[in-house]
2 protein chains.
Amino acid sequence: MSLRNALFALLVVEPMTGYDLHKQFESSVGHVWHAPDSQIYPELKRMESEGLLEGEEIPWGPRGRKRQYHVTEAGKAAFRNWMNTPLEYARTRDPAHLKAAYLEWADPDAAREQLRAHIEHHTGLLGQWREKVREIEDGSSAMLNRRLANTPKADREKTSAYKIYTYEGLMSQAEAEIAWARRGLKLIDRLNG
Amino acid sequence: MSLRNALFALLVVEPMTGYDLHKQFESSVGHVWHAPDSQIYPELKRMESEGLLEGEEIPWGPRGRKRQYHVTEAGKAAFRNWMNTPLEYARTRDPAHLKAAYLEWADPDAAREQLRAHIEHHTGLLGQWREKVREIEDGSSAMLNRRLANTPKADREKTSAYKIYTYEGLMSQAEAEIAWARRGLKLIDRLNG
DNA sequence: CACCACTAACTATGTCGATAGGTAGTTTTG
DNA sequence: CAAAACTACCTATCGACATAGTTAGTGGTG
C-alpha cells in the first residue's frame, strides 16, 4: 500500500512516466520508500485499472512512445484518505539489533568492524539528509520547486516545512544509531579489556 | 537469512520444538525479529535438510509426538559465520516518514492524531524494553537464565551486557521517534495558526 | 556514422512475509 | 467429565520485494 501512495505523492505534482517515477525513487521519495522499477510498472497498471490513474500515450522522438500517468479525482481521494488514516505498525525486523543481541558469538574484532560500518553507513545518510535540507532551504531542489509551483500559495509553507521535518526525523534516527554504535565500541573494549 | 539466524540464536541455548520457538518469537527475539509460525516450521525443515539442525521425535503424552531440534556443529559454524559477516544495509522503507513528508495532504486533526498514535506506539515499546532491561538486571529473565547456564563463565557478562545493549538501542530509537513526533505536533500548531 | 549512454518499459523467477485457515492431541478448569 | 484453552504442526494463498534479464528507441560524442 505504501508504494502506491509514494507514487501518488509524486504524481499529484505533475504527470509522469514510469521511468520518471523510477528516477524519483532514487532520490526524493526514495529516501523514505525504496522501490525498483520492476515494482513500479505493474503497480501503475494496477492503479490505472482501478481508475486511480489515467495513462496517456505520448510520442517521444520520431518513432518512440511513452506512457504518461496523471492522478484522477478518485486517485486524489484515495491518497487523501490514506493520509488521513492511521498507520498500522508492523512488528520489528531489525537485523542490526538482532545481531547486537548475540554479539558474544562474534569475534571482538569482527564486532568492532560491524559497529564501525554501522557508524559509517548512518554518517553517510546523515550527510545526504543535511544536504537535502540545505537544498530545500535555499530553494535549489528541482522537484520541490515544481511541487511548490503546483501548490496553492497558502500551502507552500507547509509543503516545505513537512519535507524538512521528515529529513530532520531521519537525521535523528541516524544520530541515534551512530551514538548507539559508539557506545557499542566502548562496550566491546570494556568486555574484552 | 535473518530468520534462520534468529532461530540459531535461540537453539544454541537448548533444543526446542517449532512451537517453543514460535513462542519465543512473541517475546525475546521477537522484539528484534518478528516471525509467524507459518514461516518457522518450513525454515526448520530447510535447515535440517541442509544439515544445520537435527530433529528428534520425542513422545508427548500417551499418543502425541513432537519434534525437537538441536543445532549441529555445521549449524553453529554457520551462525558464527553470520555473526562475523558485515550486514548489508537495505534501503529505507519507512511508512511513518513517508507520510510525514506529505502531511500537507492530511487534515491537521488527522495529522495530529497520527503523531499522537506514533508517540503512544513508541511509548509502549519504550515501557516494554525498560521492563526487559530490568528483568535482565535483576536476573528474573527465564530465557536469559537458561542461556547463562549454557554459557561458559567467562562469557556470561558479555551475554547479559549485549542483551541490555540491544534493548538500550531500541530505547534510543523509540525516544528519537517520540521526540520527533512531539516536534511534529508543535509544527502542525504553528502551520495551522 | 558508429558507438554508447540514456530513456522507456517491461518480464521472469524466486524468496520473504502476511494472513488465514486446518487437524490432532493434551491439559486445565468449572 | 465436558468444554475450553493450550500444545503441536502444518498448508495454502497472496502480495511484496529482490534480482536479473530483455527489447527497443533516442540523442549526443568522437
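The values are calculated or read from the model by the stated rules, or taken from the named source; none is laboratory data. Computed from a prediction, not measured in an experiment: that's the story for all the values here. Quick reminder, even Gly has a Cβ in these numbers, built from the backbone with ideal geometry, and neighbours come from all protein chains shown.
Residues B:ARG134, B:ARG146: which one is more than 21 Å from A:LEU98 (Cβ to Cβ), more than 16 Å from DNA strand C (Cβ to nearest atom), under 19 Å from the mean Cα position of the chain (by Cα) and assigned to a helix (DSSP H, G or I)? Talk me through it step by step, then tell me what you get.
Details: B:ARG146 fails: more than 21 Å from A:LEU98 (Cβ to Cβ).
The match here is B:ARG134.
Within region B:72-103, take every residue that is outside any helix (DSSP H, G or I) and touching a strand residue (DSSP E or B) at 6+ places or on another chain (Cβ under 6 Å) and give me the one that is nearest to the other protein chains (Cβ to nearest Cβ).
Among those residues, the one meeting the criterion is B:ARG93.
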> Quick one: B:ALA106 ticks every box in (1) away from DNA strand C (no atom under 16 Å from the Cβ); (2) more than 10 Å from chain A (Cβ to nearest Cβ); (3) of a type in the set (Gly, Ala, Ser) bar one, so which box is it?
Replying inline: (2)
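Limited to region B:135-151, what total is found for residues that are within 10 Å of chain A (Cβ to nearest Cβ) and more than 18 Å from B:GLN24 (Cα to Cα)?
Narrowing region B:135-151 to residues within 10 Å of chain A (Cβ to nearest Cβ): B:147, B:151.
Still in the running and more than 18 Å from B:GLN24 (Cα to Cα): B:151.
Here the count works out to 1.
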> Here are B:GLU135, B:GLU120, B:GLU131: which of them is more than 20 Å from B:ALA9 (Cβ to Cβ) and modelled with pLDDT under 95?
Replying inline: B:GLU131
> For region A:42-65, how many residues meet the condition of being surrounded by fewer than 20 Cβ atoms within 10 Å (Cβ to Cβ) and touching a helix residue (DSSP H, G or I) at 6+ places or on another chain (Cβ under 7 Å)?
Replying inline: 4
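For region B:4-14, name all the residues that are touching a strand residue (DSSP E or B) at 6+ places or on another chain (Cβ under 7 Å) and within 9 Å of chain A (Cβ to nearest Cβ).
Here is the first cut: in region B:4-14, the residues touching a strand residue (DSSP E or B) at 6+ places or on another chain (Cβ under 7 Å) are B:6, B:8, B:10-12.
Matches in region B:4-14: B:ALA6, B:PHE8, B:VAL12.
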> A:ASP94 versus (1) buried (at least 16 other Cβ atoms within 10 Å of the Cβ); (2) touching a residue at least 24 places away in the same chain (Cβ under 8 Å): which is the lone unmet condition?
Replying inline: (2)
> Can you name the residue in region A:15-52 that is of a type in the set (Asp, Glu) and within 13 Å of DNA strand C (Cβ to nearest atom) and, of all such residues, is nearest to the other protein chains (Cβ to nearest Cβ)?
Replying inline: A:GLU26
